[in-house]
Amino acid sequence: MEDVVIAGAGPNGLMLACELALAGVRPLVLERLSEPTTENRANGLVGQVVRLLDRRGLHERLAGPLGPPVPAFVFGAMRLDLTLTDPNPLTILGVPQRRVEAMLNERAAELGVEVRRGHELTGLSQDADAVTLDVTGPDGPSRITARYLVGADGGRSVTRKLAGIGFPGVTEDRTLSYTANATVPAEFTDPASGGLRVPGHGVIPPFFHYRTETGLFVYAPFPAGTLVTTMEWTDEEETGDEPPMTLDEQRASIRRVLGFDLPLGPPEGDGPHLLRRLRGRNTRLADRFREGRVLLVGDAAHVHSAIGGPGLNLGLQDAAGLGWKLAATVRGWAPAGLLDTYESERRPVAERVVMQTQAQSALVSPGSDVTALRELFGELLRLPSTVQHIADLMSGADVRYEPATDHPLDGRWAPDLVLADGTRLAELTTTARPLLLDFTGSLGDELRGWTDRVDLVTGSAKGDVTALLLRPDGYVAWASSAVEPDRKALRTALERWFGTPVDM
Ligand SMILES: Cc1cc2nc3c(=O)[nH]c(=O)nc-3n(C[C@H](O)[C@H](O)[C@H](O)COP(=O)(O)OP(=O)(O)OC[C@H]3O[C@@H](n4cnc5c(N)ncnc54)[C@H](O)[C@@H]3O)c2cc1C
């Protein structure tokens, strides 16, 4: 019997596989496609997820060392001046999803994870001891039993449907978005800002979501090729037999949105080049993330507009949140109820993403009442506290899991501590082991009974934290700023998250 089967080798399934493997459980990954997809969706990662990748040594593989937060971003096609924030929580990693998936595939292979391509989950049943999966592969149908199944099989998740988990929400079909790789004549580009000079609109900044009364326009000059995107609202019914999208269609849409005929040229290089027409938007949230021995991560659990790029911030952190708890359950040391905290922690985070993407979608929609709302919102965005609130929401820096003490770090993403010898916290967390950072040098004894599960780090670091217990997903399980930390509270936290101590 397999310990854990993951259905889906998209970014979130692969990340979960890596997290489980780091925690000592080697999952089997089933993937319907026989080759990695060439379709590209995300063009970048936004928010805490960038720090999560750094804490696994994965940022380095994609783009070298972690960069500083960005000075500006967009919310509902309005500029967020992040120089007004302190601290600025918004870090961005501008890499295409294809590359993230390729990197995670490589990492999973290094960790000994088997990804069985061309294998599709088609049926499941479960009892108190196991899940039985029907799988269709290149050699025909087969059956696999597993202690747990995780559905990482995307928005149309078969796992979710077979497990009988509801997916309530809304499907809206009035929006049409067009995205194309294209070239723009040099006379329209603004070398100083990297933006686009459009008669009647001035310079539209690069990567900025630019709203007009008739739609949305984005000019994104990525190093690998320029993307132009428009979004419009339509009352026309979908006929179902629309021809493939063309560059002329993109051009016509730009003409309607900007009132100007931008002479787009074909993209440079070998490709693959994107020409994508998408209709409508689904905003849905699974009514539960677990049904018995079946769990959901990523798009299988939640779908929403891609505005502001929150998808992988949510999904990859789902994977990190679930990985260690599921591994602890499989390995037998999980305290009672640990696996249930996956849903109680992550579903509210998904609810907030659904809320903020719907709010952004409302702010970019057409109409003079929306224009008035934007004017008021623009005034609010001059207030540092508003910008901080929105930046914290978009990055996920406002997430706080249920704390057990009133220490301000308890339940929060651990800060990027740097030890006196220059070691960054991120260098200590690549193995995803729970850590007790003890800057008092006196707490080592308290770990007796947990040393098989929790590693001790001593030394010192700037700031007022004297000790910190870190969960593998990067969140603080307990912290102290006292010269003599409360040992009883530390032991309570150790038991709450890492189970009962073993006799040494
Ligand atoms: C146009 C667009 C732009 C986006 N831009 C961004 C962005 O800039 N930033 C960002 O963070 N997010 C973005 N997103 C969201 C992001 O792409 C998704 O959140 C992400 O792909 C979800 O990953 P996943 O692993 O959960 O699911 P998927 O990527 O959907 O992967 C699911 C996998 O499961 C496989 N599968 C399906 N059914 C089965 C089955 N029955 N058995 C076995 N395998 C199965 C599929 O073949 C697939 O490989 C964007 C999305 C879209 C559509």
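The values are calculated or read from the model by the stated rules, or taken from the named source; none is laboratory data. Keep in mind the model is a prediction, meaning the values are calculated, not measured. When we count neighbours, we look across all protein chains shown, and the Cβ atoms used for this are built from the backbone with ideal geometry, even at glycine. Side chains included, ligands, DNA and RNA excluded: accessible areas come from the protein's heavy atoms. Shrake-Rupley method; radii C 1.70, N 1.55, O 1.52, S 1.80 Å.
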Given the C-alpha atoms of the chain, compute the convex hull and give its volume per residue in Å³.
164
Using the per-residue mean of other Cβ atoms lying within 10 Å as a proxy for protection, in what order, highest first, do the peptides 183-192, 317-326, 348-357, 121-130 fall?
317-326, 348-357, 121-130, 183-192
So what's the back-of-envelope 222 nm ellipticity for the chain, counting only DSSP H runs of four-plus at -39500 (n - 2.57) apiece and dividing by all residues, rounded to 500?
-9000 deg cm²/dmol
Considering the Cα positions of region 53-110, please state its Rg to one decimal place and its Dmax as a whole number of Å.
14.3, 43
If amide H atoms are built 1.01 Å from N in the plane of the peptide, which residues on other chains or at least 5 residues away come under 5 Å of the amide H of Asp455?
Leu435, Leu436
For q = 0.16, 0.19, 0.21 Å⁻¹, what log10 I(q)/I(0) does region 425-498 give under the Debye formula with an equal point scatterer on each alpha carbon and no solvent?
-0.49, -0.70, -0.88
From the C-alpha gyration tensor of region 350-498, square roots of 5λ in Å:
40, 16, 14
Using eta = 1.306 mPa s and T = 10 °C, Stokes-Einstein with Kirkwood Rh from Cα pairs puts D for region 331-394, in µm² s⁻¹, at 109
Residue-wise HN-Hα coupling along region 435-445, computed from phi with Karplus coefficients 6.51, -1.76, 1.60 (Hz; x: Gly, Pro):
10, 10, 8, 10, 8, 9, x, 10, 9, x, 4
Given R₀ = 51 Å, FRET efficiency for Met1-Thr405 by Cβ-Cβ distance, to 0.05?
0.80
Which three extents, in angstrom, do the Cα atoms of region 254-382 have along their principal axes, listed largest first?
64, 45, 27
Normalized C-alpha radius of gyration of region 92-177, against 2.2 N^0.38 Å?
1.40
Shape call, region 133-193: gyration tensor on alpha carbons, a/c limit 1.5:
prolate
In Å², rounded to a whole number, the accessible area per residue of the chain with probe 1.4 Å is 44
What number, in nm² with one decimal, is the all-direction average of the projected area of the convex hull of the alpha-carbon atoms of region 184-279?
6.8
